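Shown next, in C-alpha cells, is the structure this report addresses.
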Amino acid sequence: MKLSQLKTWLRQVDNFTISLPDGSLVPSHFHVTEVGEVTKSFIDCGGTLRRERMASLQLWSADDYNHRLAPGKLVHIIELAETQLGLGDLDLEVEYQGTETIQRFGLAIAGEGLELTPLTTDCLAKDKCGIPEKPKAVSLGAYVAAAASGCVPGNGCC
C-alpha cells in the first residue's frame with residue numbers, strides 16, 4: 001500500500017481497526033509513534049547494487065486504554081512527515097511490537113479496517129544464483145474438456 005492510498009482510505013472512515021495476520025486485533029488504544037522514511041542500500045547475492053525507500057509507521061500500545069487515534073489525526077501526522085521529511089508517495093511498511101522483537105509488516109485494506117500483512121524474503125538474483133524459475137501452472141480444465149470432446153491421437157489436443 002502506498003501512503004496516498006492510506007490517506008485516501010482514512011479520509012473515508014470515522015474510525016478503524018488494525019488486525020494482525022493471525023486475525024487478532026491491535027489493541028484499539030494504539031499510538032502511531034513514528035512516521036518516517038527507511039532507506040536501504042545493499043548488494044544482492046548476484047552483485048547488483050540496490051536501493052529501497054519505504055515509508056514507515058510504527059505502532060505502539062501504551063497503558064492509556066481510553067486513547068483512540070482518529071483517522072484525521074493520522075492523516076495529519078502523515079502529511080507533517082511528507083512535508084518535513086520530503087516523503088514521496090512511497091510504499092508503506094508498519095513496525096509493531098511482537099512477543100520478543102519489533103516485527104515488520106505490509107498494510108492492506110481489509111473490509112472495514114486495515115490488516116498487517118506478512119512480508120517475506122526472496123532471492124533478487126535468481127538468474128545469477130542458478131535458482132530455476134517456477135514452472136507455469138497448467139490448467140487441467142483444458143485437458144478434461146478435450147477428453148470430453150472426443151480427443152484422438154494426432155489431432156494436437158493431447
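The values are calculated or read from the model by the stated rules, or taken from the named source; none is laboratory data. Everything quoted here is computed from the prediction, not taken from an experiment. Methodologically, a virtual Cβ is constructed for each residue, glycine included, from the backbone with ideal geometry; neighbour enumeration extends over all protein chains shown.
The sole residue among Gln103, Gln84 that is surrounded by 13 or more Cβ atoms within 10 Å (Cβ to Cβ) and among the polar types (S, T, N, Q) is Gln103. Scanning the range 40-59 turns up no residue that is charged (D, E, K, R), surrounded by 12 or more Cβ atoms within 10 Å (Cβ to Cβ), over 30 Å from Asp127 (Cα atoms) and at pLDDT 95 or above.
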